[in-house]
Amino acid sequence: MTTAEEPKLVEHTVPTSLGPISVTEAGDGPALVMLHGGGPGADGIANYAQNLPALAAHHRVILPDQPGFGRSYRPTEQDLDERSITDITVDALLQALDALHIERFHLLGNSLGGAAALATALAVPERVEKLVLMAPGGGWLPFGPTPTEGQKAMFRYYNGEGPTVKKMRDFVRVMTAEPKRWENTVQARYEASLEASHTAFYHAYNAAFAKRHGMDPLWQRVHRIKAPTLLLWGRDDRTITLDGAQLMLKQIRDVQLHVFGNCGHWVQLERQPEFERLVIDFLEEA
């Protein structure tokens, strides 16, 4: 079996009316925009670096750091009072894509980034060719108790004594089905979570999340999704649980669902080869 070569990364800082958005690109071909999740220390490269060799061999992969994360600007408490983080992200994303002259694109999102992907597909259906959602926030209507175990772990991380390696280890334990496999990610994720402006943003973001009683209720509008949609879900996801997939499976017109056993919230990491194969095949289907 041949291994895909490491792609060359091109980094931009794209100005928008909201603030600068950091974007990393790799590969050539049809544009594939990949939106990361909202865990402490997350950004585009941290979430998807392992997938770039396979995906960039077929696509021009666009990895934005969403507002509040990575090297992108930090929305203020006032910003988050006026608009949800999802609305802010969609606005910034579309401005960044316009600046990069990307008109039509495939769109993939996980968790918080899944909410932004859903909202983007609803806002500009004529621009989104295909949609891949991994346990997306907002499109999920939970049938069990909330907040979920994973949501509680995110809230705890910056509260109390603040970030610690133990808290990050506990966070990885909740996010994944086999946490011992990902022990080597704990230190790097912990260090990435310590950046002072990201910590301040996270406090404002958690407060806004509580005021709004969670993510935007995008599940109310998923029947309007026009793009062919692939849902990818870990059976053992304790953050955005599999039971919520049923509503999207029923309401999205052109949809398919793939469930990974022995997999939690980070499908792209925990089931990397299958994830990459499914995404490539789905996007290349006529």
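The values are calculated or read from the model by the stated rules, or taken from the named source; none is laboratory data. Bear in mind that the values here come from a model prediction, so they are computed numbers and not experimental data. Here the Cβ is made from the backbone with ideal geometry for all residues, glycine too, and neighbour counts use every protein chain on show.
Just wondering, is there one or more residues in segment 33-42 that are part of a loop (DSSP other than H, G, I, E, B), surrounded by fewer than 24 Cβ atoms within 10 Å (Cβ to Cβ) and touching a strand residue (DSSP E or B) at 6+ places or on another chain (Cβ under 6 Å)?
Within segment 33-42 (the criterion being part of a loop (DSSP other than H, G, I, E, B), surrounded by fewer than 24 Cβ atoms within 10 Å (Cβ to Cβ) and touching a strand residue (DSSP E or B) at 6+ places or on another chain (Cβ under 6 Å)), the answer is no, since none of the residues qualifies.
Quick one: Thr176 ticks every box in (1) closer than 19 Å to Arg74 by Cβ; (2) in contact with a Gly (Cβ under 8 Å, 6 or more places away or on another chain); (3) surrounded by 15 or more Cβ atoms within 10 Å (Cβ to Cβ); (4) of a type outside the set (Lys, Arg) bar one, so which box is it?
Only one criterion in (1) closer than 19 Å to Arg74 by Cβ; (2) in contact with a Gly (Cβ under 8 Å, 6 or more places away or on another chain); (3) surrounded by 15 or more Cβ atoms within 10 Å (Cβ to Cβ); (4) of a type outside the set (Lys, Arg) is unmet by Thr176, namely (1).
The conditions are (1) under 22 Å from His265 (Cα atoms); (2) part of a helix (DSSP H, G or I); (3) of a type outside the set (Ser, Thr, Tyr), and Leu80 fails exactly one of them. Which is it?
Checking Leu80 against (1) under 22 Å from His265 (Cα atoms); (2) part of a helix (DSSP H, G or I); (3) of a type outside the set (Ser, Thr, Tyr), the one that fails is (1).
Would you check if there is a residue in segment 252-269 being without any contact (Cβ under 8 Å) to a residue 12 or more places away in the chain and not in a strand (DSSP E or B)?
From segment 252-269, those without any contact (Cβ under 8 Å) to a residue 12 or more places away in the chain are none; that's our starting set.
Among the residues of segment 252-269, not one is without any contact (Cβ under 8 Å) to a residue 12 or more places away in the chain and not in a strand (DSSP E or B), which makes the answer no.
Out of Leu269, Leu232, Leu247, report the one residue that is within 24 Å of Gln151 (Cα to Cα), among the hydrophobic types (A, V, I, L, M, F, W, C) and at pLDDT below 95.
Details: Leu269 fails: at pLDDT below 95; Leu232 fails: at pLDDT below 95.
Checking each option against the conditions leaves just Leu247.
Give the residue that is farthest from Pro7 (Cα to Cα), with candidates limited to residues of segment 48-58 that are touching a helix residue (DSSP H, G or I) at 6+ places or on another chain (Cβ under 8 Å) and surrounded by fewer than 24 Cβ atoms within 10 Å (Cβ to Cβ).
We begin by selecting, within segment 48-58, every residue touching a helix residue (DSSP H, G or I) at 6+ places or on another chain (Cβ under 8 Å); these are 48, 50-51, 54-55, 58.
Right, trim to surrounded by fewer than 24 Cβ atoms within 10 Å (Cβ to Cβ) and you get 48, 50-51, 54, 58.
On the way: Tyr48: 13, Gln50: 11, Asn51: 10, Ala54: 9, His58: 11 Å.
Step by step, filter segment 48-58, then rank; the result is Tyr48.
From the list Leu97, Leu93, pick out the single residue that is hydrophobic (A, V, I, L, M, F, W, C), in contact (Cβ under 8 Å) with a residue 60 or more places away in the chain, part of a helix (DSSP H, G or I) and farther than 30 Å from Tyr158 by Cβ. Break it down into steps so the answer makes sense when it comes.
Values: Leu93 fails: farther than 30 Å from Tyr158 by Cβ.
After applying the criteria, what remains is Leu97.
Going by the structure shown, is Tyr73 of a type in the set (Ser, Thr, Tyr), in contact with a strand residue (DSSP E or B) (Cβ under 9 Å, 6 or more places away or on another chain), buried (at least 20 other Cβ atoms within 10 Å of the Cβ) and part of a helix (DSSP H, G or I)? Before the answer, list the steps.
On the way: of a type in the set (Ser, Thr, Tyr): yes; in contact with a strand residue (DSSP E or B) (Cβ under 9 Å, 6 or more places away or on another chain): yes; buried (at least 20 other Cβ atoms within 10 Å of the Cβ): yes; part of a helix (DSSP H, G or I): no.
Here the answer is no, as Tyr73 does not meet what is asked.
Just a yes or no: is a residue in segment 106-122 over 18 Å from the mean Cα position of the chain (by Cα) and either assigned to a loop (DSSP other than H, G, I, E, B) or more than 16 Å from Leu32 (Cβ to Cβ) (or both)? Break it down into steps so the answer makes sense when it comes.
Our first condition is that a residue be over 18 Å from the mean Cα position of the chain (by Cα); within segment 106-122, this holds for none.
Within segment 106-122 (the criterion being over 18 Å from the mean Cα position of the chain (by Cα) and either assigned to a loop (DSSP other than H, G, I, E, B) or more than 16 Å from Leu32 (Cβ to Cβ) (or both)), the answer is no, since none of the residues qualifies.
Tell me, yes or no, whether segment 176-195 has at least one residue that is part of a helix (DSSP H, G or I), modelled with pLDDT of 95 or more, among the hydrophobic types (A, V, I, L, M, F, W, C) and within 18 Å of the chain's Cα centre (by Cα).
No, that holds for no residue.
How about segment 114-173: which of its residues are touching a residue at least 60 places away in the same chain (Cβ under 8 Å) and acidic (Asp, Glu)?
If the condition is that a residue be touching a residue at least 60 places away in the same chain (Cβ under 8 Å) and acidic (Asp, Glu), then Glu129, Glu149 are the ones that fit.
Could you tell me which numbered condition Ala99 fails, if it satisfies all but one of (1) of a type in the set (A, V, I, L, M, F, W, C); (2) closer than 14 Å to Gly38 by Cβ; (3) surrounded by fewer than 16 Cβ atoms within 10 Å (Cβ to Cβ)?
Condition not satisfied by Ala99: (2).
Of (1) touching a Lys or Arg at 6+ places or on another chain (Cβ under 7 Å); (2) surrounded by fewer than 17 Cβ atoms within 10 Å (Cβ to Cβ); (3) under 28 Å from Ile88 (Cα atoms); (4) among the aliphatic types (A, V, I, L, M), Leu283 satisfies all except one. Which?
(2)
For segment 210-228, check the following and say yes or no: at least one residue is modelled with pLDDT of 95 or more, in contact with a Lys or Arg (Cβ under 8 Å, 6 or more places away or on another chain), of a type outside the set (Asp, Glu) and farther than 17 Å from Ala115 by Cβ.
yes
Can you tell me which residue in segment 185-199 is surrounded by the most Cβ atoms within 10 Å (Cβ to Cβ), limited to those that are closer than 15 Å to Phe69 by Cβ, of a type in the set (S, T, N, Q) and in contact with a helix residue (DSSP H, G or I) (Cβ under 9 Å, 6 or more places away or on another chain)?
Per the stated criteria, the residue is Ser193.
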